[in-house]
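Novice: Provided herewith is a single structure, encoded as structure tokens, for subsequent inquiry.
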Amino acid sequence: MSEKLQKVLARAGLGSRREIESMILAGRVSINGAVAKLGDRLEDLNAHVRLDGHSVQISAPSEQVCRVLAYNKPEGELCTRSDPEGRRTVFDRLPRLNGARWVAVGRLDANTSGMLLFTTDGELANRLMHPSRQVQREYMVRVFGEVNEQMVKNLVRGVELEDGEARFEDVLYAGGEGSNHTFYVVITEGRNREVRRLWESQGVTVSRLKRVRYGDIYLNKELPRGGWMELGLDEVNYLREMVELRSEKETFLETETKKHKSRNQKIRRAVRRHEERVESGETRKPRNSRRGGTQQDKPAHGKPAHGKPAHGKPAQGKRGSGGRPGKPMGKSSGQSSSRQKPPSNRKPR
């Protein structure tokens with residue numbers, strides 16, 4: 001079964017469909033050595049696909065485990081993979097991947113903080129961002145200026161912006177003092193600076209903006225700014241089912257848990273075998289010396305069988321045995337307590 005090239009590459013985590021379409025138009029993608037064109041379909045998953053000259057690993061939909069991260073974006077970070085001025089981006093803190101990359105589900109302005117989702121499945125990201133899906137995004141917004149009931153009605157009914165009509169699905173007042181007021185607002189689109197522009201249309205200025213919810217996924221209050229957490233199977237499947245994608249049977253978290261359990265079981269089995277050997281009285285046989293003789297083959301006169309002096313290096317102390325590492329534990333075998341010099345103040349007879 002053939003699939004559109006941009007869909008296959010999006011599933012591989014190389015970007016959203018729109019991003020990959022731009023890559024194809026720029027001539028950055030090739031199939032079996034030929035430059036790809038927009039509208040090409042991939043008939044064979046074994047085809048040699050390259051992006052910017054680098055091979056792309058293609059996998060069937062059933063082979064890929066979808067991963068989703070919830071990231072608590074701080075103010076000041078940019079929603080771009082790299083910045084020519086060296087400013088921090090939202091991708092800098094994310095865990096590294098092998099054979100895939102994180103795709104951001106939408107964007108947040110540099111001055112906007114809060115929840116930002118990332119996934120390895122570009123098709124999931126594309127569907128969640130598409131306006132036709134009407135996925136709700138909820139923001140906590142603090143505005144500066146006087147806000148009356150008529151202004152709120154205008155924002156819910158809809159106002160005309162430079163790129164078309166826009167409105168809030170819901171507006172909830174959360175309190176304030178003086179000219180500072182806090183609201184929770186809900187939108188179903190992801191237009192550039194939409195929340196700020198809606199409030200500015202009523203003559204007030206947004207002084208703080210934070211996304212607190214995407215769909216039914218809420219920002220965890222315990223997640224620090226700049227921190228991320230991986231979503232579990234139920235949350236991943238909620239997002240996938242909402243945009244009509246097949247459910248996952250397992251997540252990366254569960255896969256890693258299985259690996260850890262398997263590793264721990266091997267360790268427990270090794271410990272159990274060791275304990276059984278100790279209880280049965282089994283011990284390791286002493287190893288022969290390098291020169292072929294055992295300890296019993298050595299004479300008791302302080303010289304080994306090959307005639308070399310016995311007092312080479314002094315015995316080394318061990319930690320916890322009363323001596324310091326690297327220090328002699330006592331006199332070497334070549335010393336005797338009776339061979340001492342007389343005190344210098346003793347007169348000879």
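The values are calculated or read from the model by the stated rules, or taken from the named source; none is laboratory data. All figures in this text were calculated on a predicted structure; none of them were measured in a lab. With ideal geometry, Cβ positions are generated from the backbone for all residues, glycine too; neighbour counts draw on all protein chains shown. Accessible surface areas use protein heavy atoms only, side chains included; no ligands, DNA or RNA. Shrake-Rupley method; radii C 1.70, N 1.55, O 1.52, S 1.80 Å.
Novice: Work out from phi, with θ = phi - 60° and the Karplus expression 6.51 cos²θ - 1.76 cosθ + 1.60, the ³J(HN,Hα) of each residue of the stretch 203-219, listed in order in whole Hz, and give x for Gly and Pro.
Specialist: Karplus values, whole Hz, x for Gly and Pro: x, 10, 10, 7, 9, 8, 9, 9, 7, 10, 7, 10, x, 9, 9, 9, 5.
Novice: According to the square roots a ≥ b ≥ c of the eigenvalues of the Cα gyration tensor, what is the shape class of the stretch 3-60, taking rounded for a/c under 1.5, prolate for a/b larger than b/c otherwise, and oblate for the remainder?
Specialist: In terms of gyration-tensor shape, rounded.
Novice: Which order do the peptides 138-145, 111-118, 75-82 come out in when sorted by mean C-beta neighbours inside 10 angstrom, highest first?
Specialist: By packing density, highest mean first, the sequence is 111-118, 138-145, 75-82.
Novice: Please give me the summed charge of the neighbours of H54: other residues whose Cβ is under 14 Å from its Cβ, Lys and Arg +1, Asp and Glu -1.
Specialist: Charge balance near H54 sits at +2.
Novice: Let me ask something additional. Determine the shape class of the stretch 1-134: with a ≥ b ≥ c the square roots of the Cα gyration tensor eigenvalues, call it rounded for a/c under 1.5, and otherwise prolate if a/b is greater than b/c, oblate otherwise.
Specialist: Prolate, since a/c reaches 1.5 and a/b exceeds b/c.
Novice: Then there's this: If I model a spin label at E189 and Y218 as a point 7 Å from the Cα along the Cα→Cβ vector, what separation in nanometres do I get?
Specialist: 2.8 nm
Novice: While we're looking at this one, here's another question. Using θ = phi - 60° and the Karplus curve 6.51 cos²θ - 1.76 cosθ + 1.60, what whole-Hz ³J(HN,Hα) does each residue of the stretch 116-127 get, with Gly and Pro shown as x?
Specialist: Here the 3J(HN,Hα) series is 9, 8, 10, 9, 8, 9, x, 5, 4, 4, 4, 5 Hz.
Novice: So, one more: Working with all protein chains in place, sort W199, W228 by solvent-accessible area computed with a 1.4 Å probe, largest first.
Specialist: Largest accessible area first, the list is W228, W199.
Novice: Now a separate question. How would T182, T89 rank on accessible area, largest to smallest, probe 1.4 Å?
Specialist: T182, T89
Novice: Further question on the same structure: At 1.4 Å probe size, what's the solvent-accessible area of D163? Round to the nearest 10 Å².
Specialist: My reading of the accessible area for D163 is about 80 Å².
Novice: Mind scanning K7/K249; K221/K249; K7/K37 and naming the pairs with a C-alpha gap bigger than 18 Å?
Specialist: K7/K249; K221/K249
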